[in-house]
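Chemist: Okay, handing you the structure first.
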């Protein structure tokens, strides 16, 4: 079963070291068929749902407002934030790589 992780950029190497994989299309880290999700607990937004085993005839959750808000940041932000596209290469976000160099 796939579980998407909410992983801050600063913790991506820790998630990768534990076996998480990067999904470039969805731009998120995820794990698949992991027997023990405990090491990933801090990045799983809904641990109860992640621990459930799928049953026959299970349905997908319907889209709608979340019951509890997800806070990705434990600290305060100091100003406006901006998403920086990242191709998954092992470079710092402010450095160019072969995939992001603009002509």
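Chemist: Keeping to the range 1-26, report how many residues are in a loop (DSSP other than H, G, I, E, B) and over 16 Å from residue 90 (Cβ atoms).
Modeler: The qualifying residues number 7.
Chemist: A follow-up question, please. For residue 70, all conditions in the list (1) at pLDDT below 90; (2) over 13 Å from the mean Cα position of the chain (by Cα) hold save one; what is the number of the exception?
Modeler: With (1) at pLDDT below 90; (2) over 13 Å from the mean Cα position of the chain (by Cα) applied to residue 70, the lone miss is (2).
Chemist: Name, by its number, the condition in (1) surrounded by 14 or more Cβ atoms within 10 Å (Cβ to Cβ); (2) modelled with pLDDT under 90 that does not hold for residue 1.
Modeler: Going through the list (1) surrounded by 14 or more Cβ atoms within 10 Å (Cβ to Cβ); (2) modelled with pLDDT under 90, residue 1 breaks only (1).
The values are calculated or read from the model by the stated rules, or taken from the named source; none is laboratory data. A quick note: this is a predicted structure, and the numbers were derived from the prediction, not measured. Note that each Cβ is placed from the backbone with ideal geometry, even for glycine, and that neighbours are counted across all protein chains shown.
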